[in-house]
Amino acid sequence: MAAPAYFDTSVLVKQYVDETGAATARQLFRRRRIVSSALAAVELTSALSRRRAASQISAVQWARVVRDLQFDRTHWELLAVTDSILARAEEVVRMTGLRSLDSVHVASAQLSSTLIGTTLSFITADARQRAAAVQLGLDVTWVESEGRAQTHQRRVGIPVGDHP
């Protein structure tokens, strides 16, 4: 079985649309077991819906994307947004200035790593989220705009086991 990795929505969207970094993201999807927040499906639907409204996705593509997303998410490990994750996300915001949903993803990755007893690679294509995750000690794989994946090793870590 493939090793789990935490995928942020900025990378998940690349499964459904051709954009810079999509080929690299799709390779990562094939090699890793996808773990993400339960909010990812809502974020992903929103991002893809905006593209549909802007005519970047045709009606036929939209129908296929909706069908594929519904199928794919049954194979993902989607983490419930718990009180512990929300409390940690608030700390992430205070420490890094990260936006709300991005902080939920970082907190989810941190706490899920603690629960399973191994560090999950945090895969993102969002530069601000990448910087915050590295600052907080996560192992980050960043899908760069050129489409290469780069791994950033753990730096000074913030303990996550002491949170409710």
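When the helix-only estimate is applied to the chain (DSSP H runs of n ≥ 4, each -39,500 (n - 2.57), divided by the residue count), what is the mean residue ellipticity at 222 nm, nearest 500 deg cm²/dmol?
Details: 7 runs with 83 residues, N = 164.
It comes out at -15500 deg cm²/dmol, rounded to the nearest 500.
For the chain, a Gaussian network of Cα nodes joined below 10 Å ranks T82, T141, T45 by mean-square fluctuation, and the top entry is T82.
Residues within the reach of a label modelled at T82 (point 7 angstrom out along Cα to beta-carbon, backbone nitrogen below 13 Å), restricted to region 102-139, are 108-117.
Suppose a student asked you for the relative contact order of the chain, using Cα pairs under 8 Å spaced at least 6 residues apart; what percent would you report? Provide the component values of the computation, followed by the final result.
Values: 239 pairs, mean separation 42.5, N = 164.
Here the relative contact order equals 26 percent.
Any chance you could give the angle, 0 to 90 degrees and rounded to 10, that helix 100-116 forms with the longest Cα principal axis of the chain? Tilt relative to the chain: about 60 degrees. Across the chain, the volume of the C-alpha convex hull divided among the residues equals 108 Å³ per residue.
When the chain is treated as a Gaussian network with alpha carbon springs shorter than 10 Å, the biggest mean-square fluctuation among R73, R33, R64 belongs to R64.
Considering only V140, V106, A54, the residue lying farthest towards the positive end of the dipole of the chain is A54, judged by Cα position with unit charges set on Cβ. The dipole here belongs to the chain: it is taken about the Cα centre, uses +1 on the Cβ of Lys and Arg and -1 on the Cβ of Asp and Glu, and is about 400 debye.
If you fit an axis through the alpha-carbon atoms of helix 59-72 and take the longest principal axis of the Cα set of the chain, what angle between them do you get, 0 to 90°, nearest 10? Roughly 40 degrees between the two axes.
We did not get these values from a lab; they are worked out from the coordinates using the rules stated. Given the structure is predicted, the values throughout are model-derived calculations rather than measurements. Cβ atoms come from the backbone with ideal geometry, glycine included; neighbour counts cover every protein chain shown.
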